[in-house]
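**Student:** I am attaching a structure below and will ask some questions about it afterwards.
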Amino acid sequence: MDYIATFSSTYKVLKAEKTLKEKDIPFQLIPTPKKIAAHCDLSITFQGDDSKTVEDALNEKGIKVIALYRREGDSYVKV
């Protein structure tokens, strides 16, 4: 199951990207679906199995996720 994390700015997304790469946590940088957020053009997507690892890595660096969504087909459910 895919999860999408949104952030308040591109800077925060790039900081999250760097953090996850350093920790060797699998993720993808994607354009933010317009259905879920308009405040930042980029988001990070990852598998549900990695959600705790992603959360811990971002919290450790003080990177705040604005919202977390679970992808269900063509729709998104806020977690």
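**Student:** For the range 1-13, what are the residues that are open to solvent by 40 Å² or more (accessible area, probe 1.4 Å), outside any strand (DSSP E or B) and in contact (Cβ under 8 Å) with a residue 24 or more places away in the chain?
**Tutor:** 1, 8, 10, 12
**Student:** Take residue 52 and decide whether it is in contact with a helix residue (DSSP H, G or I) (Cβ under 6 Å, 6 or more places away or on another chain) and open to solvent by 80 Å² or more (accessible area, probe 1.4 Å).
**Tutor:** no
**Student:** Six or more apart or on different chains, Cβ under 6 Å: which pairs go from a residue in the range 16-29 that's free of Cβ contacts under 8 Å to residues at least 60 places away in the same chain and closer than 16 Å to residue 68 by Cβ to one that's surrounded by 11 or more Cβ atoms within 10 Å (Cβ to Cβ) and among the aromatic types (Phe, Trp, Tyr)? Could you list them?
**Tutor:** Close Cβ pairs (under 6 Å, with a partner that is surrounded by 11 or more Cβ atoms within 10 Å (Cβ to Cβ) and among the aromatic types (Phe, Trp, Tyr)) amount to 20/27; 27/46.
**Student:** Is the range 41-57 home to any residue that is part of a loop (DSSP other than H, G, I, E, B) and more than 9 Å from the chain's Cα centre (by Cα)?
**Tutor:** yes
**Student:** How many residues, within the range 58-79, are of a type in the set (A, V, I, L, M, F, W, C) and in a helix (DSSP H, G or I)?
**Tutor:** Residues meeting the conditions: 1.
**Student:** Could you please find all residues in the range 51-62 being within 17 Å of residue 28 (Cβ to Cβ) and touching a residue at least 40 places away in the same chain (Cβ under 8 Å)?
**Tutor:** 51, 54, 58
**Student:** Any chance the range 20-33 includes a residue that's touching a Ser or Thr at 6+ places or on another chain (Cβ under 6 Å), open to solvent by less than 80 Å² (accessible area, probe 1.4 Å) and assigned to a helix (DSSP H, G or I)?
**Tutor:** no
The values are calculated or read from the model by the stated rules, or taken from the named source; none is laboratory data. Just so you know, these numbers come straight off a predicted model, no measurement behind them. Glycine gets a Cβ as well: all are built from the backbone with ideal geometry, and neighbour counts include every protein chain shown. Each accessible area value is taken on the protein alone, full model and side chains, heavy atoms only, with ligands, DNA and RNA left out. Shrake-Rupley method; radii C 1.70, N 1.55, O 1.52, S 1.80 Å.
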